[in-house]
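Here is the structure we will look at.
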Amino acid sequence: THWESMGIAFKPDFNVTWADTNYWAPEVIYDENDGLYYLFYSAQTTEDDTFQMSVAYSEQPYGPFITPDGFRNGDGLMVSASNPVYNLQADNNTIDSDIVRLNAIDISPFIDPITGDKYLYFSYFDSFNQSEIFGMKMNDWFTPDYSTLTQLTAVGYLSVAAARASDVTKTTPEGTINEGPFMLYHEGRYYLTLSVYGFTDEKYQVRQALGDEPL
């Protein structure tokens, strides 16, 4: 019931930033090894009309969060304010062409309490007619291991395996959208919550998927 406004947490320099509209779904995590707060977000560029994901950082949970710029990540690639930190588009030849999509939103970080490994989860899609949850392991918050990019849900099915087998005995009504992922660990199992249908649908809801590993 008691709130204190801390002002704007993150405002990029719109003269140089890669995205100029629709800054969506921020999520902040504290990494005690780095001593930093990381703010993950989705945004859109009107240049190609796609949604992509990036990250900013701060020493305080309320910011101001800083756009990473002018250094090389763990793979030796230059991190620049004029590009999103994460490249999940077709020009990234380390991503399997069979799974690459145009848009990525609803980014959510997770640190495995057992191993300390870092992961990102997000909704990945060409169109909202089939958006699904993917995950990937991170070498650090600026350096994805794109080889681990894994599809975790298949819209309308109880599992990705059921979708690939077109197993109609394992379908589930959920519209065309899987979005808003969030990962929890509890007593040896990984619990992935996600939203199905869409926010304009009266059936919009949260569901849960279980796994033995983070991916």
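Bear in mind that the values in this text are calculations on the coordinates, not laboratory data. Just so we're clear, the structure is a prediction, and the values are computed from it rather than from any experiment. As a convention, Cβ positions derive from the backbone with ideal geometry for all residues, glycine included, and neighbour counts pool all protein chains shown.
The table below lists the values:
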read-out	value
Estimated dipole of the chain in Debye, rounded to 20 [Cβ of Lys and Arg +1, of Asp and Glu -1, Cα centre]	360
Ranked by how many other beta carbons lie within 10 Å on average, peptides 166-174, 179-187 from highest	179-187, 166-174
All Cα pairs of the range 42-166, percent lying beyond 25 Å	26
From phi via Karplus (6.51, -1.76, 1.60), per-residue ³J(HN,Hα) for the range 197-202 in Hz, x at Gly/Pro	6, x, 5, 8, 9, 5
Computed [θ] at 222 nm, deg cm²/dmol, the chain (DSSP H ≥ 4; -39,500 (n - 2.57); rounded to nearest 500)	-500 deg cm²/dmol
Normalised alpha carbon radius of gyration of the range 94-215 [divisor 2.2 N^0.38 Å]	1.03
Under-5 Å amide H pairs with Lys11, H placed in peptide plane, nonlocal only	Phe65
Relative contact order [Cα under 8 Å, 6+ residues apart], the range 73-214, whole percent	17
Anisotropy class of the range 121-188 from Cα gyration tensor, a/c 1.5 cut	prolate
Scattering profile of the chain at q = 0.07, 0.09, 0.12, 0.17 Å⁻¹ [log10 I(q)/I(0), Debye over alpha-carbon scatterers]	-0.22, -0.36, -0.65, -1.31
Long-range tail of P(r) for the range 1-108 (Cα pairs > 18 Å, %)	54
Base-10 log of normalised Debye intensity for the range 175-215 (one unit scatterer per alpha-carbon) at q = 0.23, 0.24, 0.25 Å⁻¹	-0.70, -0.74, -0.77
Sorted peptide list for 143-149, 205-211, criterion being average Cβ within 10 angstrom, highest first	143-149, 205-211
Dipole of the range 1-42 [Lys/Arg +1, Asp/Glu -1 at C-beta], most positive-end residue of Tyr30, Asn15, Trp3	Asn15
Cβ-Cβ FRET estimate between Leu215 and Asn33, R0 fixed at 22 Å, reported to 0.05	0.55
